[in-house]
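Undergrad: My structure is below; once you've seen it, I'll send some questions.
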Amino acid sequence: MTELIDGKQIASEIRLSLKSKIEKLTSKPGLAFILIGNDPASHAYVKMKKKGCLETGIHSESFFLDQNITEQELLDLIQKLNKDPKIHGILVQQPLPNHISSKKVIETINAKKDVDGFHPINVGKALLGEEDGFFPCTPFGILRLLKAANIDLTGKHVVIIGRSNIVGKPLGAMLIQKKPFLNATVTYVHSKTKDLHMHCKMADVLVAAIGIAHFVKKSFLKPGAIVIDVGINRVTSEEKSRIVGDVDFDDVHDMCSYITPVPGGVGPMTIAMLLENTYKSFLMTCD
């Protein structure tokens, strides 16, 4: 029988734990949000993240900037927040306008306030298995989901569909570490992979992070596989809009041992890990 890995419930428990810890502090962790332009999805994501701050007691500040802001003006704001003692985490919501370099923005954020885990220093620490940096929120959330479900990855073959810098690449680096519940064997597949189905059918754990609605069908899986669906895709049918994953849940769920739903799987964990990283940054500053 297939078991659902309930990310919404696990994330709620993490938030309650954080709230309990933060209530005991004399000062509060602070998280700054920078959002450029009027992209509805970006505004919705920031709204959910701010709600998480409010629920856990994290102080948040928002900077809503015009689409035409110059790159230098944005970098100057980040440098100002780098020096602000009330701010322990800085999040610049992606995507950015074409005239602004994501690379410059990420590298300008103080690595100790990079709670998204995208700064090269934190990426390097994740690759080396060091604990004193910040793990990217979505891969970190996936690890916590698997641990909460008591799934030990030792010796398991994990196939990751997708090689983004945000999910695929860092997740693989984290899964191969010599640590409890990890020690996985990792294969990446992507748009240029030959015989993609063949590789996927060999997976004990299949992670779908490709950004194509219902891409993964039953034909991708071996019986009993664990399926982690990272996709968040908006589809419209019969004039109704809904969010679906990269996995065709109805087609595959009878074949899995465990599966994450969309919505309610990886998504809530991403926000929970952002809040946890902000709390961790606060503690590091206090030290």
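Undergrad: Pull up region 12-34, narrow it to residues that are within 18 Å of the chain's Cα centre (by Cα) and farther than 22 Å from residue 285 by Cα, then point me to the one that is surrounded by the fewest Cβ atoms within 10 Å (Cβ to Cβ).
TA: Out of the qualifying residues, it is 13.
Undergrad: Related question: Tell me, which residue of region 238-287 that is outside any helix (DSSP H, G or I) and among the polar types (S, T, N, Q) is surrounded by the most Cβ atoms within 10 Å (Cβ to Cβ)? Talk me through it step by step, then tell me what you get.
TA: We begin by selecting, within region 238-287, every residue outside any helix (DSSP H, G or I); these are 238-248, 256-265, 287.
Subset that is among the polar types (S, T, N, Q): 241, 257, 260.
Values: 241: 8, 257: 15, 260: 28.
Looking at the filtered set, the residue picked out is 260.
Undergrad: I would also like to ask the following. Kindly list the number of the only condition in (1) at pLDDT below 95; (2) surrounded by 15 or more Cβ atoms within 10 Å (Cβ to Cβ); (3) small (Gly, Ala, Ser) that fails for residue 225.
TA: Going through the list (1) at pLDDT below 95; (2) surrounded by 15 or more Cβ atoms within 10 Å (Cβ to Cβ); (3) small (Gly, Ala, Ser), residue 225 breaks only (1).
Undergrad: Kindly provide the set of residues from region 106-152 that are polar (S, T, N, Q), free of Cβ contacts under 8 Å to residues at least 24 places away in the same chain and surrounded by fewer than 20 Cβ atoms within 10 Å (Cβ to Cβ), ordered by number. Give the steps one after another, and end with the answer.
TA: Here is the first cut: in region 106-152, the ones polar (S, T, N, Q) are 108, 110, 122, 138, 150.
Checking the rest, the ones that are also free of Cβ contacts under 8 Å to residues at least 24 places away in the same chain come to 122, 150.
Matches in region 106-152: 150 only.
Undergrad: Here's another thing I want to ask about it. Check 198, 174 and return the single one that is loosely packed, with under 14 Cβ neighbours inside 10 Å and not in a loop (DSSP other than H, G, I, E, B). Steps first, answer last, please.
TA: Values: 174 fails: loosely packed, with under 14 Cβ neighbours inside 10 Å.
Selected residue: 198, the only one of 198, 174 that is loosely packed, with under 14 Cβ neighbours inside 10 Å and not in a loop (DSSP other than H, G, I, E, B).
The values are calculated or read from the model by the stated rules, or taken from the named source; none is laboratory data. What you are looking at is a predicted structure, and each value in this text was computed from that prediction instead of being measured. Glycine also receives a Cβ, built like all others from the backbone with ideal geometry; neighbour counts cover every protein chain displayed.
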